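Shown next, in structure tokens, is the structure this report addresses.
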Amino acid sequence: MDMRLSKSFIKTKKNTPKDEVAENAKLLIRAGYIHKEMAGVYVYLPLGKRVLENIAQVVREEMNAVGGEELQMSVLQPKELWETTDRWDDEKVDNWFKTKLKNGTELGVGLTHEEPIVDALSDYINSYKDLPVYVYQIQSKFRNEVRAKSGLMRGREFLMKDLYSLSRDEEEHERFYEKITTAYHSIYARLGIGDITYTTVADGGIFSKYSREFQTLSEVGEDTIYVHEKNEIAVNKEVLNDEVLADLGIERSELTEETAVEVGNIFPLGSKYSDALGVFYTDENDEKHSIVMGSYGIGISRLMGLLAEHFADEKGLVWPVDVAPFKVHLVSLPGGENQADQLYAQLEDSDIETIYDDRDMSAGMKLADADLMGMPLRIVCSKRTATEGKVEASLRPTGNAELIDTGDLSAIQKLLES
């Protein structure tokens, strides 16, 4: 992919929309990653789309590793399917977007997919030999939030990974539940927030005593959690009581109150949806049994907003290597144009993803843009570096610069891995 800024429409901005209050959205708009379409709805420009895809790929790899199979569900959903499980009425689920066909048929716009997943799999599950099944999608979701806020962290349209498990019994379900918990922590570690993300005891609703949330410590969070550092767990404020403490074997005095952002959740679903939709399996003796389900969500775009805000500094964005849209931000200054052109060709040939600022602009503006856009490694080519046969390389956020030989790709790779 040729990513010369002189050929791209991408531009940074000094100002952000006056009605935007979330720091993540302000930064991403200024750096040319997103465009605000309306409250809670954003366009992901080329840089923003690459970040979304990189986060999604980390999630995808971990879901595939635990046996997940990726599919793509429809966004438009029939009213009748949701009436079967008593979830169509706005008094039951109040954040639906709904629409109608020209013939008057009512449809829902996808906000979650428990019912459609069961319906789609009903043709494929009959016997105990057909289970377990673990399917997931990475898809845009739509929720009619009363008040969209917090930038990408609470929107009306957002990108989400939702996985659904269908198991033969509770024991099989519990084994997968634990595997997903481990997989989620692997995701957060790869994204650079593993050390501040906690498995959090939360309300289990009608299906179980508890569910699990995954909460990342953040001053901009909407949730209050109580962290037990020694056990590396937390309890959501909404369920903190003596019974929960007893179940966990911890004391209230051992907990620390923190503000956090929910970055994932997993829910036991029991057999409510599979039973209601008439999907069962038969065992070795041809006896019919209910299917035990689970639901596992991660907000991809929410993670993008959190990472943008968490890793930012006073100069701009600071992306982790696994998330950054490009690994290298190559800057050409007067006298270093030929050196930069040659290095860019080498980087492209070696698959080190590079954005190349070859615009006719001042050094100050180029370097400020590089800081704002937040690629992990900046490489500057100038008259001085060209004369010396070196290039100046510096990592975000330290800014500490060092000279390396022009075309020394192993040194560049080593810096990216440091």
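The values are calculated or read from the model by the stated rules, or taken from the named source; none is laboratory data. Computed from a predicted structure; not experimentally measured. Cβ sites come from the backbone with ideal geometry, for glycine too, and all protein chains shown count toward neighbours.
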(message) I'd like the full set of residues that are over 26 Å from P116 (Cβ atoms) and not aliphatic (A, V, I, L, M), limited to the range 50-78.
(response) R50, N54
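Do any strands (runs of 3 or more DSSP E) entirely within the range 1-87 hold 1 or more residues that are under 27 Å from L330 (Cβ atoms) and hydrophobic (A, V, I, L, M, F, W, C), and if so, which? Please lay out each step first, then the result.
On the way: elements: 34-38, 41-44, 76-78.
Per the criteria, 34-38, 41-44.
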(request) Filter the range 330-351 down to residues that are buried (at least 17 other Cβ atoms within 10 Å of the Cβ) and either more than 10 Å from M3 (Cβ to Cβ) or of a type in the set (D, E) (or both), then give me how many there are. (result) 8
(request) State the number of residues belonging to the range 186-228 that are modelled with pLDDT of 95 or more, touching a helix residue (DSSP H, G or I) at 6+ places or on another chain (Cβ under 8 Å) and more than 18 Å from I298 (Cα to Cα). (result) 4
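Restricting attention to the range 344-362, report how many residues are part of a loop (DSSP other than H, G, I, E, B) and closer than 19 Å to V321 by Cβ. Walk me through it before giving the result.
To start, the set of residues in the range 344-362 that are part of a loop (DSSP other than H, G, I, E, B) comprises 350-353, 358-362.
Restricting the remaining residues to those that are closer than 19 Å to V321 by Cβ gives 350-353.
Final tally of qualifying residues: 4.
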(request) Would you check which residues across the range 148-172 are touching a residue at least 40 places away in the same chain (Cβ under 8 Å), surrounded by fewer than 21 Cβ atoms within 10 Å (Cβ to Cβ), not aliphatic (A, V, I, L, M) and not in a strand (DSSP E or B) and list them? (result) K149, R154, R156, R168, D169, E170, E172
(request) Go through the range 177-216 and count every residue that is of a type in the set (V, I, T), in a helix (DSSP H, G or I) and surrounded by 15 or more Cβ atoms within 10 Å (Cβ to Cβ). (result) 4
(request) Being over 17 Å from Q139 (Cβ atoms) and not acidic (D, E) is the filter here, so list the residues in the range 59-77 that pass it. (result) A65, V66, G67
(message) Between a residue in the range 174-193 that is within 18 Å of V292 (Cα to Cα) and any residue that is of a type in the set (A, V, I, L, M, F, W, C) and part of a helix (DSSP H, G or I), which pairs come within a Cβ distance under 8 Å, given they are 6 or more apart or on different chains?
(response) none
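What residue, among those in the range 93-136 that are in a strand (DSSP E or B) and of a type outside the set (A, V, I, L, M, F, W, C), is farthest from Y296 (Cα to Cα)?
Keep residues of the range 93-136 that are in a strand (DSSP E or B), which gives 97-100, 106-109, 127, 133-136.
Adding the requirement that they be of a type outside the set (A, V, I, L, M, F, W, C) leaves 98-100, 106, 108, 127, 134, 136.
Details: K98: 24, T99: 27, K100: 29, E106: 28, G108: 21, S127: 24, Y134: 10, Y136: 9 Å.
The selected residue is K100.
Given the options G110, G67, G40, name the one that is touching a residue at least 12 places away in the same chain (Cβ under 8 Å) and touching an Asp or Glu at 6+ places or on another chain (Cβ under 9 Å).
Values: G110 fails: touching an Asp or Glu at 6+ places or on another chain (Cβ under 9 Å); G67 fails: touching an Asp or Glu at 6+ places or on another chain (Cβ under 9 Å).
Sole residue among the options that is touching a residue at least 12 places away in the same chain (Cβ under 8 Å) and touching an Asp or Glu at 6+ places or on another chain (Cβ under 9 Å): G40.
For (1) at pLDDT below 95; (2) loosely packed, with under 13 Cβ neighbours inside 10 Å, each residue gets a yes or a no:
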{"residue": "D369", "(1), (2)": "no, no"}
{"residue": "L372", "(1), (2)": "no, no"}
{"residue": "V380", "(1), (2)": "no, no"}
{"residue": "A393", "(1), (2)": "no, no"}
{"residue": "N400", "(1), (2)": "yes, yes"}
{"residue": "D408", "(1), (2)": "yes, no"}
{"residue": "A411", "(1), (2)": "yes, no"}
{"residue": "L415", "(1), (2)": "yes, no"}
{"residue": "S418", "(1), (2)": "yes, yes"}
(request) Mind checking which strands (runs of 3 or more DSSP E) fall wholly inside the range 218-330 and carry at least 1 residues that are under 24 Å from the mean Cα position of the chain (by Cα)? (result) 223-228, 233-236, 256-270, 292-299
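Inspect the range 403-416 for any residue being of a type in the set (G, A, S), under 23 Å from N338 (Cα atoms), in a helix (DSSP H, G or I) and touching a residue at least 24 places away in the same chain (Cβ under 8 Å) and give the result as yes or no. Spell out the reasoning first.
In the first step, residues of the range 403-416 are kept if they are of a type in the set (G, A, S); the result is 407, 410-411.
From what's left, under 23 Å from N338 (Cα atoms): 407, 410-411.
Checking which are in a helix (DSSP H, G or I) leaves us with 410-411.
Now narrow it down to the ones that are touching a residue at least 24 places away in the same chain (Cβ under 8 Å): none.
So far as the range 403-416 goes, no, none of its residues is of a type in the set (G, A, S), under 23 Å from N338 (Cα atoms), in a helix (DSSP H, G or I) and touching a residue at least 24 places away in the same chain (Cβ under 8 Å).
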(request) Report whether or not Y356 is at pLDDT 95 or above, among the hydroxyl-bearing types (S, T, Y) and farther than 30 Å from Y177 by Cβ. (result) yes
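Does L255 satisfy the condition of being at pLDDT 95 or above, hydrophobic (A, V, I, L, M, F, W, C), over 28 Å from T112 (Cα atoms) and surrounded by fewer than 20 Cβ atoms within 10 Å (Cβ to Cβ)?
Values: at pLDDT 95 or above: yes; hydrophobic (A, V, I, L, M, F, W, C): yes; over 28 Å from T112 (Cα atoms): yes; surrounded by fewer than 20 Cβ atoms within 10 Å (Cβ to Cβ): yes.
Here the answer is yes, as L255 does meet what is asked.
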(message) Considering only the range 53-75, I want to know if a residue exists there that is in contact with a Leu (Cβ under 7 Å, 6 or more places away or on another chain) and of a type in the set (S, T, N, Q).
(response) no
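Looking at L45, is it surrounded by fewer than 21 Cβ atoms within 10 Å (Cβ to Cβ), farther than 30 Å from L131 by Cα and assigned by TED's automatic domain parsing to the domain that holds G151? Let's see the steps before the verdict.
Details: surrounded by fewer than 21 Cβ atoms within 10 Å (Cβ to Cβ): yes; farther than 30 Å from L131 by Cα: yes; assigned by TED's automatic domain parsing to the domain that holds G151: yes.
For L45, the condition - surrounded by fewer than 21 Cβ atoms within 10 Å (Cβ to Cβ), farther than 30 Å from L131 by Cα and assigned by TED's automatic domain parsing to the domain that holds G151 - is met.
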